[in-house]
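See structure below.
Bear in mind these aren't lab numbers, they're just calculated from the coordinates by the rules spelled out. Values in this document were obtained by computation on a predicted structure and should not be read as measured data. Ideal geometry is used to build each Cβ from the backbone, glycine not excepted, and the neighbour counts take in all protein chains shown.
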Amino acid sequence: MKVLFFATLRKVTGCTETEVHGPADLEGVLRELGARYGSAFKEKVFPDGQLSRDVMVMINGHAVEHLGGSKAVVNEDDTIAIFPRLAGG
């Protein structure tokens, strides 16, 4: 599956996108990405094994909150987008 990174997550990963093969759920994908990109990625996206409230993750344009959160099923042809949440005032 294709994984897209946006804004500050591009700095953390050093890329705009990557490919992941194998995991059947979002949690597995995030663990794989954490192993690949290290502690900075884990702290921003998946601290303590839980999806951070500071990021928004979409699978094929649908927010994971509506797909089962970190237990959302993913397929090889899916596109996962990970965005930092923005705050303004």
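The set of residues in region 1-19 that are surrounded by fewer than 16 Cβ atoms within 10 Å (Cβ to Cβ) and in contact (Cβ under 8 Å) with a residue 40 or more places away in the chain comprises 2, 6, 7, 8. Considering only region 67-76, I want to know if a residue exists there that is buried (at least 16 other Cβ atoms within 10 Å of the Cβ), within 10 Å of the chain's Cα centre (by Cα) and of a type outside the set (Asp, Glu). Scanning region 67-76, I find at least one residue that is buried (at least 16 other Cβ atoms within 10 Å of the Cβ), within 10 Å of the chain's Cα centre (by Cα) and of a type outside the set (Asp, Glu), so the answer is yes.
Looking at 85, 31, 36, just one residue is exposed (fewer than 14 other Cβ atoms within 10 Å of the Cβ), out of contact with any Asp or Glu (no Cβ under 7 Å at 6 or more places or on another chain) and not small (Gly, Ala, Ser), and that residue is 36. Looking only at region 27-45, which residues are of a type outside the set (D, E, K, R) and touching a Lys or Arg at 6+ places or on another chain (Cβ under 7 Å)? The one that is of a type outside the set (D, E, K, R) and touching a Lys or Arg at 6+ places or on another chain (Cβ under 7 Å): 34. Go through the residues of region 54-66 one by one and say whether even a single one is free of Cβ contacts under 8 Å to residues at least 24 places away in the same chain, surrounded by fewer than 16 Cβ atoms within 10 Å (Cβ to Cβ) and hydrophobic (A, V, I, L, M, F, W, C). Yes; the residues of region 54-66 include at least one that is free of Cβ contacts under 8 Å to residues at least 24 places away in the same chain, surrounded by fewer than 16 Cβ atoms within 10 Å (Cβ to Cβ) and hydrophobic (A, V, I, L, M, F, W, C). For the chain, the strands (runs of 3 or more DSSP E) that sit wholly inside it and include 3 or more residues that are among the hydrophobic types (A, V, I, L, M, F, W, C) are 2-5, 55-59, 79-84.
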